[in-house]
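Following: one structure in structure tokens, then a few remarks.
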Amino acid sequence: MSDLDPDRFTLRQAAAAREAYAQVTEELDLVQERLARLPTRRDQAFTPLRIVVTTALTTAALFQRHRL
């Protein structure tokens, strides 16, 4: 396989190249799916704010209940 002239590939070489291309495409699709599941920068920015607000509301509700 030292000669890479595309006009001179054998059928076996062409089939191997197709298989390799299909594997690379499949792996690329997998990587794209995993990247799509990662939290965005916006999601990460609002997470601490959600924690603070939820904690404050829960604490206020517990103290309000305790007073009654």
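When each of Thr10, Thr25, Thr47 is tested for being at pLDDT 95 or above and open to solvent by less than 100 Å² (accessible area, probe 1.4 Å), the lone residue that passes is Thr25. Within segment 20-45, the set of residues being assigned to a helix (DSSP H, G or I) and among the hydroxyl-bearing types (Ser, Thr, Tyr) comprises Tyr21, Thr25.
The values are calculated or read from the model by the stated rules, or taken from the named source; none is laboratory data. Nothing here was measured: the structure is a model prediction, and the numbers come from that model. All accessible areas refer to the heavy atoms of the entire protein, side chains included, with ligands and DNA or RNA removed. Shrake-Rupley method; radii C 1.70, N 1.55, O 1.52, S 1.80 Å.
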